[in-house]
Structure formats: C-alpha cells, structure tokens
Amino acid sequence: MITQLFRIALRTPTRNRQPSESDQDKAVTHNDTANDLRRAGQLHEAEQHYRIALQYWADCGEIHANLADTLDTLGRFDEAAAAYRKAIEFNPELHEARFNLALLLLADGRYAEAWPLYEARGPLFQEHGTLPFPKWAGEPLNGKSVLLMPEQGYGDTIQFVRYAPLLKALGATQLTVACKPELGALLRTVEGIDSVVTDPRELRVHDYWESLMSLPRLFGTTIQSIPARIPYLGVYAQRMEQWKARLPEGKLRVGLVWKGNPGHNNDAARSLPHFAELAPLLSIDGVSFVSLQTGDAELEVAASGLREHVVCLGKDIRDFADTAAIIAQLNLVIAVDTAIVHLTGALGVACWLMLPKTGVDWRWRRAGAQSPWYPKDMYLFRQGPAGWPELIASIRSALDEIVQARG
C-alpha cells in the first residue's frame, strides 16, 4: 500500500447539509468542473472553481478537501493544511482529509500533531481486517506477547521495524513480526524479534497486535527522538560469501537502482524513465557499477548498449537478505526512492537518494540533504528546474570528487 493514495482522489460532495437545493446544485456543478480541471492538470483554474463552490456551500467538507488537495499539489502547504482542517471540522469522518493532513505535517517535521491523524490509514486502507485479540494501546508489556503487522510497502516495514528493540525493552517476552516472504530472512536479523511469520495461516493468538507504522505514535516519536541506532539490520555471512565472487574488485563499488514499483501512484515521477539516464555516471574511471534492480527493468541495461559498464545481479537476487548481502559489500548505493534506500540506510551503508520533482515522500521532508531516519551516510539529491539530467550531473560531480580523493 502506498502512502499518498488519496492525494489525487476526486470527491463529489454528499447532499446532506443546509444550503438550498439550488445553492447545492451550483456548488456541485463548480466542484465537478474543478475535478475535471484537476484531471487535466489545470490546477489554478480548479482552485477558482472550488472556491466558487464554497461560496454556495461553505460547510461542505468534501469541497474543502478537494481544494486542499489542489493547494497541496501547487506547493501552498500552509493553505492546504488550513483547508484540510476545515474539511475535518465539517466532516469528521472524512478520513482522506485526516490522512493527507497527516502527510503534510509529517513532511514539515510536526510529528506530534501528525501521528494521531496518520491513524486514518486504518479505515482508509483496511489492511489488517479483524484479529481475535486486542490492538496494543500502550498497556504494560511485562510477560506479554505482541504481534507486529506490516503495512504498505517493503520499505515501510524496513523503516519501522527499528522499533522492535524498544518493545522488548518494555518487557515483551514474545515479539513476532508478520511479513511477506521476501522480507522473512532479513527481519530475522533484527534485535528483539523472536519469530517471523511469512504465511498468514501460521499466525497465532498473541496478547496484543499492532501495526509497525503505528509504533511512532505510541512511542511519542519526534524528529529529535527517532530511534536511529544504525545498523539495525544484519547480514548472513554465508550469503555474503556466495555473492562475493560476483562482485568487481579493486575499484569503488557503487550499486544502482533506477526504478521502483510501477504500481506506486507516484512512480512516473519517482522512477527514472530509462537506465540510459544514468549513462553520464558510467564513464567515471575508478568506479565499478552493480545493478541491484530486479524485474524487467534490469533489461534496460542491455537495451541501452551499456552492459559492459555494469554488473547485473538482479535476476539472481532471491530476497532482501540477498540484496543486503550485496549492499554490505558495496561502498555506495545510488537509488531512486524505493525499499532499497531503506535497506541501505538500515545497514549503515552510504546511500545517495535521487528524489522526484513532485510527490516527495513525507519521510524525506521538503528541504535539506540529510534524513533524521538514516542520519549515517544518507544524502538526498533534490531535483531542480532541469529535472533528472541536472540531478544526475550533480551526482556525477560528487562521485568524481570521491574518486579523486581516493587517489
């Protein structure tokens, strides 16, 4: 599941409030026109029609939320936050507005305000269904068992599994994590985790359960108190040995990831159009490049005519524990915003993150080159007006400096 699923959701107001039927009709007409304009990318025009709609129906939460979405996309974040608050005031059950306001506040580093609103994920996405034992609400954990449930994508699980040792420190005697099979072996290396379940049929009753992504709220996490003891993931020595022979020797080893999950709602912005975009990096002397890209995207290396510059490992990677064993033997990973970034950061390996021009995820904030979630050796490259080519040129310059410094 993705964190910005509802950012472009187009809502139509329900007709259950006080304005006259005529005024409601006018409001709905302008709301629908604005929705069409948003679909066409005409955001300023859409804003004007939403504001006209609100003149006819001032307490319609759905229209306020549509306006807020538009202002958010336009980068007018304070105005967007105010509009989301209006939407929630007039319709407290408008979970999309709560969720999107949470994303705005998180991106601004206002975690204490954001985490309670971020719980709107539950009714929106309904990932966990109903479990036959209670959700943890901060009760004492001495002698208790806790099941941690995954949510959204692989990267989210990797980011928030860092809270496992904190739960053990509260006295939990049995800490179980449920996850997809691709993460199973990797998560077994995390301190505090007693068991990992990759088959839902093997889940057992615990004293409590909780979503990994709700733990920051329960621990009162702020920017200053993020648990950032790096590394918090381990690597299997046997797997490192298996991959060692496949890796180049004698040069700076740099891993590459240029595409994310194509099902992500912002993938068109966050993934590079093609591997060939990275061609300016490949001519740097003293660097050996390793593809960590899995799936069909790795075929782009051969299609670009640049195969001799890259060691392609993706088709043989079985799971994230394999990827971790490779990354642990690299000097640097350069990647778009995917789970590999979280894996690299959690391992304490240097990572240069190539961020999209639009739809930057809340955890990377809106400005700055560092991340409080991965304070060790994580550097954020942000796009300027010229987009990917300018960003990749900046990376080439920085990589050149490192090679020259190594002699």
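Things to note:
- Looking across the range 293-318 at every residue that is of a type in the set (D, E, K, R) and surrounded by fewer than 17 Cβ atoms within 10 Å (Cβ to Cβ), the one that is nearest to Lys244 (Cα to Cα) is identified as Asp316.
- Count of the range 72-85 residues which are surrounded by fewer than 21 Cβ atoms within 10 Å (Cβ to Cβ) and in a helix (DSSP H, G or I): 7
- Hey, Arg201 in a loop (DSSP other than H, G, I, E, B) and either surrounded by fewer than 17 Cβ atoms within 10 Å (Cβ to Cβ) or small (Gly, Ala, Ser) (or both) or not: no
- Note on the range 231-334: no enclosed strands (runs of 3 or more DSSP E) hold 2 or more residues that are of a type outside the set (A, V, I, L, M, F, W, C) and free of Cβ contacts under 8 Å to residues at least 12 places away in the same chain.
- Restricting the range 165-194 to residues that are in contact (Cβ under 8 Å) with a residue 40 or more places away in the chain, touching a Gly at 6+ places or on another chain (Cβ under 7 Å) and not in a loop (DSSP other than H, G, I, E, B), the residue that is farthest from Ala325 (Cα to Cα): Leu167
- Any chance Ala34 is modelled with pLDDT of 90 or more, surrounded by 15 or more Cβ atoms within 10 Å (Cβ to Cβ) and over 24 Å from Ala367 (Cα atoms): yes
- Qualifying residue in the range 96-113 (condition: modelled with pLDDT under 95, buried (at least 20 other Cβ atoms within 10 Å of the Cβ) and touching a Leu at 6+ places or on another chain (Cβ under 8 Å)): yes
- Asp59 meets all of the listed conditions (1) of a type in the set (D, E, K, R); (2) out of contact with any Pro (no Cβ under 7 Å at 6 or more places or on another chain); (3) assigned to a helix (DSSP H, G or I); (4) within 20 Å of Lys26 (Cβ to Cβ) but one, namely (3).
- Filter result (in a helix (DSSP H, G or I) and surrounded by 24 or more Cβ atoms within 10 Å (Cβ to Cβ)) within the range 335-345: Ile340, Val341, His342, Leu343, Thr344, Gly345
- Search result, residues across the range 167-187 that are over 22 Å from the mean Cα position of the chain (by Cα) and not small (Gly, Ala, Ser): Leu167, Lys168, Leu170, Thr173, Gln174, Leu175, Thr176
- Top-ranked residue in the range 54-71 [being of a type in the set (Gly, Ala, Ser) and either surrounded by 20 or more Cβ atoms within 10 Å (Cβ to Cβ) or assigned by TED's automatic domain parsing to the domain that holds Pro372 (or both); ranked as farthest from Ser22 (Cα to Cα)]: Ala68
- Pairs with Cβ under 9 Å, 6+ apart, first in the range 376-397 and aromatic (Phe, Trp, Tyr), second part of a helix (DSSP H, G or I): Tyr379/Ala398; Phe381/Leu391; Phe381/Ile392; Phe381/Ser394; Phe381/Ile395; Phe381/Ala398; Trp388/Glu277
- Qualifying residue in the range 193-202 (condition: closer than 25 Å to Trp362 by Cα and not assigned by TED's automatic domain parsing to the domain that holds Met378): no
The values are calculated or read from the model by the stated rules, or taken from the named source; none is laboratory data. Please read these numbers as outputs of a predicted model, since none were measured by experiment. Quick reminder, even Gly has a Cβ in these numbers, built from the backbone with ideal geometry, and neighbours come from all protein chains shown.
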